[in-house]
Amino acid sequence: MLNLKSVVSLCAVMGLTACGAGVEGEDGLATQESALVTGTSQGCTFTVSSAAQPGTLPPVYNVTVTRAADATCAYGAGSVVVGTSTGTAPTLSLAANDLGVAVSYTYKTSVSGSSPQSLGIRHVAPDTLDIVRYAGLSVYLGRGSIYSGSLSIASNGTTLTVSGTKNGTLYGQTGSGNTYVASYPDFFTSETAPSIMTF
């Protein structure tokens, strides 16, 4: 019993680092990052990534959704390019459930420093890899940029939420500030416009 108390005390003093607690180091960070770009739909694992097209200058980045050939996936391996960004590597996010795969990516259409950056949002069908829905967010009249767009699916399984940072005014926003949250009700089954709050 004395030895057990000593071990417990040692764990407390060392902040649980050496005693098997969930301390987030580089591996933990890598897991978090992969969770933002990987998801599962209908038994298949999907990942979104970007890479510059060979021989393009300035670089043009393809945004690609890849379906892995998992043992539980009935559809096999495959991929589809869902968008591009010119001159600037996109920031990416993915969320999925059995209704579909949602992907977001920042993009520019020009290398000009004054060119705005916008956010593309796509619904990809898990079985065919077709792009079912094209959506996105941009700053009013191009007077600003969207810097990020992290996706999540609400507990009802149908509402897609996009959150991130920007400057300028988004089409349809309420409130003010450089942080936004856009909610798309029935994202996978309708074309309903989002409600956008900023703060």
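Any read-out appearing in this document is the output of simple, stated calculations on the displayed coordinates, not a laboratory observation. Everything quoted here is computed from the prediction, not taken from an experiment. For neighbour counting, all protein chains shown are included, and Cβ atoms are generated from backbone atoms with ideal geometry for every residue, glycine included.
Maximal additional length on extending the Thr86-Tyr147 stretch stands at 20.5 nm, based on 0.36 nm per residue less the C-alpha distance. Entry note, the range 89-178: relative contact order of 24 percent, from Cα contacts under 8 Å with a spacing of 6+ residues. In plain terms, the chain from Asp127 to Ala193 could stretch by 21.2 nm, reckoned as 0.36 nm per residue minus the Cα-Cα distance. Using 1/(1 + (r/R0)^6) with R0 = 41 angstrom and r between the beta carbons of Leu57 and Leu36, what's the FRET efficiency to the nearest 0.05? Here the calculated transfer efficiency is 0.90. Charged neighbours of Phe46, selected by a Cβ distance under 15 Å, balance to -2 (K, R count +1; D, E count -1).
The relative contact order of the range 31-198 comes to 15 percent, based on Cα pairs under 8 Å that sit 6 or more residues apart. Judged by the ratio a/c of the largest to the smallest principal axis of the C-alpha gyration tensor, the range 31-198 counts as oblate, that ratio being 1.5 or greater while a/b is no larger than b/c. Among the trypsin sites (Lys or Arg not before Pro) found in the range 131-199, those both in a DSSP coil and sparsely packed, with 12 or fewer other Cβ atoms within 10 Å of their Cβ, are Arg143.
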